[in-house]
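Take a look at the structure set out below.
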Amino acid sequence: MLLRLSLILITAMSLTGCGTVHFDNVSVNAAGKPVATKLSAKQKDSISKLAVALKGLSPDISPQEATILAYDSVVYSMILANKYKLSYPPLWHNVLVNSKKRPRGLCYHWQRDLMTHFRKKKLKTFDLKEGVAYEKEYWREHNTLVVTAKGANFDKGIVLDPWRHSGTLAWAKVKQDKYPWKLRVWKKTAPKKKISK
């Protein structure tokens with residue numbers, strides 16, 4: 001069954017025109033900061049509108065942090081696309097990762113790599129949270145990063161999802177996005193007890 005689905009997916013991808021994704025204008029400087037030498041009008045608009053949305057999460061939001069978070073969300077997503085040697089569309093890239101043709105690029109890789117990047121920023125007015133939709137549904141589960149104002153509820157946050165459009169950041173308020181996001185809660189497992197004889 002899985003083989004048949006894989007063959008169907010591969011055939012569909014070859015007929016629809018798969019390709020690689022690469023952003024020539026982005027890099028990380030010596031200080032570890034994402035840099036874009038040239039941004040399109042659409043990318044600049046996304047950064048500007050995201051910064052406004054982030055500032056609107058709370059009156060206590062640092063405008064400087066919101067600007068950094070917006071810029072890095074857009075630019076670092078493009079850097080990750082290059083790092084992952086991304087193929088388009090996203091589901092095709094997933095096939096390549098799962099068949100060991102690419103090392104990373106599944107939705108949770110994007111989420112974790114973005115979270116790692118932003119944790120280094122030591123943001124004081126934002127919280128970083130893991131979002132999941134369709135949890136444990138093999139073909140539908142989707143993971144993403146959600147940012148909220150410090151101490152705010154998950155459903156008041158903003159989704160940052162670079163997987164959806166192959167490195168071009170998709171973002172929306174949690175309640176307005178097309179996915180039914182919820183906070184991912186990891187259950188701690190108790191250590192196994194040794195059985196004495």
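Since every read-out is calculated from the coordinates, none of them should be taken as a lab result. Here the structure is a predicted model, which means the values were calculated and not measured. Because the Cβ atoms are built from the backbone with ideal geometry, glycine has one as well, and the counts that use them run over all protein chains shown.
Electrostatic tally near Gln111: other residues with Cβ closer than 11 Å to its Cβ, Lys and Arg +1, Asp and Glu -1, net 0.
Computed from the Cβ-Cβ distance with R0 of 45 Å, the FRET efficiency linking Asp60 to Ser99 stands at 0.45.
Taking other Cβ within 10 Å of each residue's Cβ, how do Tyr138, Tyr76 sort, fewest first?
Neighbour counts put them in this order, fewest first: Tyr138, Tyr76.
Its relative contact order, with pairs defined as Cα atoms under 8 Å and 6+ residues apart, puts segment 39-183 at 22 percent.
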